[in-house]
Amino acid sequence: MTNGQLRHRPDSLPPQTSSHGALGSPPGGDHLLFLAEALRTFHDTGALAPSGAELVNALVVPATSRPNRPISVLEVGAGTGAVTRRLAQVLRPGDRLHVVEANPRFAERLREDPVLAARRPGVGLRLSACRVEELPEAGGEVAGAAPGSEERYDVIVSGLPFTNFEPTQVRDLLDLYLRLLAPGGELTYFGYLGTTTARTLTSGPRRVARHRVVARLLRRFEATYGLGERTVWRNLPPARAYLLRSPGGQQDWAPAPAPPASATAPALALALTPEPDPNR
């Protein structure tokens, strides 16, 4: 996959319509539910509205530029399902989609979503109402889940609000994503523009310093594994999507044997000391 594919919507994407109209506009009630949960738990929600259509397209690019074989996709922090519904449209028979959403109200909405229920025959769908750190394959325990799962994913789409978290938690999440990705697998996530300035104007020095440390950590991660980024101005608020690839595999997505241990993703060892940082 190329940086150009991230910047421009692939022609292979199906039309952005469903039984609910434009997929960029979630089904009725989703905006209200999202806003209510954002006001109740903004630390975990991180936004006041679901992702818009252009941001959704940027985030699902790895699932459309893919090998000629079934793939496994993990979505973390699905919210009310703007990205999830798009993935359900572009995935093919034999593909698997694992959706992780810790908010029980969002998870219930996803279970009832008619677009997900009407996905293509043969597309597997699994919903885990927990944090990604609690998945068996992440070393955690989830009630009813088979122990010892070793599933790896070709694509991970993360909707988590990294800049709301502590630096150590962000570092652990990025390490986890690298462990869960198959060799050469791809990761997308996004951040809102202007958050450093907004945090400076509305928060105290400790929160501003924490925010800058997280921003620096993400920038180093992107410098190590990044393939490209895309600024999406037509989003509320404007956002930047990032595309990254785990070590190993082949860039043309041809199936390849697992790399030797020396080529597997290293733990993300980054200093967590604050320093001046330009706006993200």
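Observations
- Annotation for the stretch 90-109: at least one member residue is outside any strand (DSSP E or B), of a type in the set (Asp, Glu), at pLDDT 60 or above and surrounded by fewer than 17 Cβ atoms within 10 Å (Cβ to Cβ).
- Test for residue 86: is it crowded, with 20+ Cβ neighbours inside 10 Å, modelled with pLDDT of 50 or more and under 18 Å from residue 116 (Cα atoms): yes
- Apart from one condition, residue 80 fits all of (1) crowded, with 24+ Cβ neighbours inside 10 Å; (2) out of contact with any Asp or Glu (no Cβ under 8 Å at 6 or more places or on another chain); the exception is (2).
- Figure legend. Inter-residue proximity from the stretch 66-92: first residues on the phi < 0 side of the Ramachandran plot and free of Cβ contacts under 8 Å to residues at least 40 places away in the same chain, second residues of a type in the set (Val, Ile, Thr) and in a strand (DSSP E or B), beta-carbon distance below 6 Å, spacing 6+ or different chains. Indicated pairs: 84/99.
- Selected residue (criterion: modelled with the lowest pLDDT) from residues of the stretch 210-240 that are surrounded by fewer than 17 Cβ atoms within 10 Å (Cβ to Cβ) and among the aliphatic types (A, V, I, L, M): 236
- Scanning the stretch 62-72 for residues that are touching an Asp or Glu at 6+ places or on another chain (Cβ under 7 Å) and closer than 19 Å to residue 121 by Cα turns up 70, 71, 72.
- Residue in the stretch 144-156 that is within 19 Å of residue 81 (Cα to Cα), at pLDDT 95 or above and crowded, with 17+ Cβ neighbours inside 10 Å present: yes
The values are calculated or read from the model by the stated rules, or taken from the named source; none is laboratory data. Note that the coordinates shown come from a computational prediction; the quantities given were computed from them, not determined experimentally. Ideal geometry is used to build each Cβ from the backbone, glycine not excepted, and the neighbour counts take in all protein chains shown.
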